[in-house]
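See structure below.
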Amino acid sequence: MGIILIFAATANFKFSNGMVLMVPNYITYKEALVYITGYIEILVVIGMLVKTLLVPVGWFVIKHI
């Protein structure tokens, strides 16, 4: 799961123009949203590597999928 999230986060930064096109028109600050989700994905991967954060991060991922 961590590897998939790293690839997804990398895509958010490398292909941000394409990701912005996927966001619906009624949402404002599309590019900022794409970058924020990339940072969240990186933080989730880091949280999955820390043993004490594994359960809360797991619940965060389950809640937001």
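What follows is calculated from the coordinates using simple rules that are stated; it is not laboratory data. In this text, all values refer to a predicted model and were calculated from it rather than measured experimentally. Reconstructed Cβ throughout: ideal geometry from the backbone, glycine too, with neighbour counts over all protein chains shown.
Can you pull out every residue in the range 12-59 that is small (Gly, Ala, Ser) and farther than 17 Å from residue 2 by Cβ?
Of everything in the range 12-59, those that are small (Gly, Ala, Ser) and farther than 17 Å from residue 2 by Cβ turn out to be 16, 18, 32.
Would you mention how many residues in the range 1-39 are among the hydroxyl-bearing types (Ser, Thr, Tyr) and over 13 Å from the mean Cα position of the chain (by Cα)?
Total meeting the criteria: 3.
With respect to residue 4, determine if the residue is exposed (fewer than 14 other Cβ atoms within 10 Å of the Cβ), closer than 18 Å to residue 65 by Cα and among the hydrophobic types (A, V, I, L, M, F, W, C).
Taking the combined requirement at face value, the residue satisfies it.
Give the residues of the range 12-32 that are surrounded by 15 or more Cβ atoms within 10 Å (Cβ to Cβ) and within 17 Å of residue 65 (Cβ to Cβ), sorted by residue number.
Hit for the range 12-32 is 12, nothing else.
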